[in-house]
Amino acid sequence: MQPKDHWEKVYSTKATDAVSWFQPHAGLSFDIIKATGVSRHAAIIDVGGGASVLVDDLIDNGYTNLTVLDISAVALAAAKSRLGSRAYGVQWLQADITKASLPRNYFDIWHDRAVFHFLTSPEDRAAYVQAVLHSVKPGGHVIVASFAEDGPDQCSGLPVMRYDADGLHAEFGKSFSLLNHRKEAHHTPSGTVQQFVYCYCRRIGS
């Protein structure tokens, strides 16, 4: 099954608040974004945002230049429905991030919670990093969260990669300066606990 077909099936057969990665509020992600100090008009992309409520939290706090990208059209439709008229102020992109066409040097913040760890091939990870280099402004902020080294080895029936902070940063290379990292114990709707690692970097160079 192709990745898009897999995720369309997931979001077509499960409620958005029943998937294992559901959060009622994206608290840690929002706190890191706020701590960057960018203006409320900064360009922010949430990669794999799908039905995530991070976009709601950002809108509620006055952020105005928001893009949500996901491989699943069903997930994006769920987010639009939830937001109602507020969805018109968001740019919605249905795409595979390893193949997406994004504007050059545009985004001030790149955020991804739980996409990168699904990229199990070196080629897909390299394509992802190239997308970041292409679309994030020099000096821009890159926030990526994946399963930690003590996290699950599968999710949604798919194999995943697991990282510590240094290993996750190493995937991105010398073009990114690691400024901070955090661990998070995510409590799933079914009551299990999944360990995540969040890395916050700045993009170096031009």
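Can you tell me how many residues in segment 79-95 are in a helix (DSSP H, G or I) and surrounded by fewer than 16 Cβ atoms within 10 Å (Cβ to Cβ)? Show your work before the answer.
Restricting attention to segment 79-95, the residues satisfying the condition of being in a helix (DSSP H, G or I) are 79-89.
Then drop every residue that is not surrounded by fewer than 16 Cβ atoms within 10 Å (Cβ to Cβ), which leaves 81-82, 84-86, 88-89.
So the count comes out to 7.
Quick test of your reading of the structure: PRO159 fulfils all but one of (1) within 16 Å of the chain's Cα centre (by Cα); (2) surrounded by fewer than 19 Cβ atoms within 10 Å (Cβ to Cβ); (3) touching a residue at least 12 places away in the same chain (Cβ under 8 Å). Name the failing condition by number.
(1)
Looking only at segment 84-91, decide whether some residue is under 19 Å from TRP110 (Cα atoms) and touching an Asp or Glu at 6+ places or on another chain (Cβ under 8 Å).
Narrowing segment 84-91 to residues under 19 Å from TRP110 (Cα atoms): 89-91.
In the following step, the residues that additionally are touching an Asp or Glu at 6+ places or on another chain (Cβ under 8 Å) were identified as none.
For segment 84-91, residues under 19 Å from TRP110 (Cα atoms) and touching an Asp or Glu at 6+ places or on another chain (Cβ under 8 Å): absent.
Of everything in segment 42-66 that's among the acidic types (Asp, Glu) and touching a Leu at 6+ places or on another chain (Cβ under 7 Å), which residue is nearest to ALA114 (Cα to Cα)? Step through it out loud before you land on a result.
Initially, segment 42-66 is screened for residues among the acidic types (Asp, Glu), giving 46, 56-57, 60.
Still in the running and touching a Leu at 6+ places or on another chain (Cβ under 7 Å): 46, 56.
On the way: ASP46: 11, ASP56: 18 Å.
If we take residues in segment 42-66 being among the acidic types (Asp, Glu) and touching a Leu at 6+ places or on another chain (Cβ under 7 Å), then ASP46 is nearest to ALA114 (Cα to Cα).
Quick check on this structure: which one of PHE147, PHE107 is in contact with a Phe, Trp or Tyr (Cβ under 9 Å, 6 or more places away or on another chain) and either surrounded by 15 or more Cβ atoms within 10 Å (Cβ to Cβ) or of a type in the set (S, T, N, Q) (or both)? I'd like the intermediate steps shown before the answer.
Working: PHE107 fails: in contact with a Phe, Trp or Tyr (Cβ under 9 Å, 6 or more places away or on another chain).
On inspection, the qualifying residue turns out to be PHE147.
Do you know which residues across segment 107-129 are closer than 12 Å to MET161 by Cβ and acidic (Asp, Glu)?
So in segment 107-129, the residues closer than 12 Å to MET161 by Cβ come out as 114-122, 124-125, 128.
Scanning segment 107-129 gives a single hit, ASP124.
Bear in mind that the values in this text are calculations on the coordinates, not laboratory data. None of the values given here were measured: they were computed from a predicted structure. Virtual Cβ from ideal backbone geometry, glycine too; neighbours counted across all protein chains shown.
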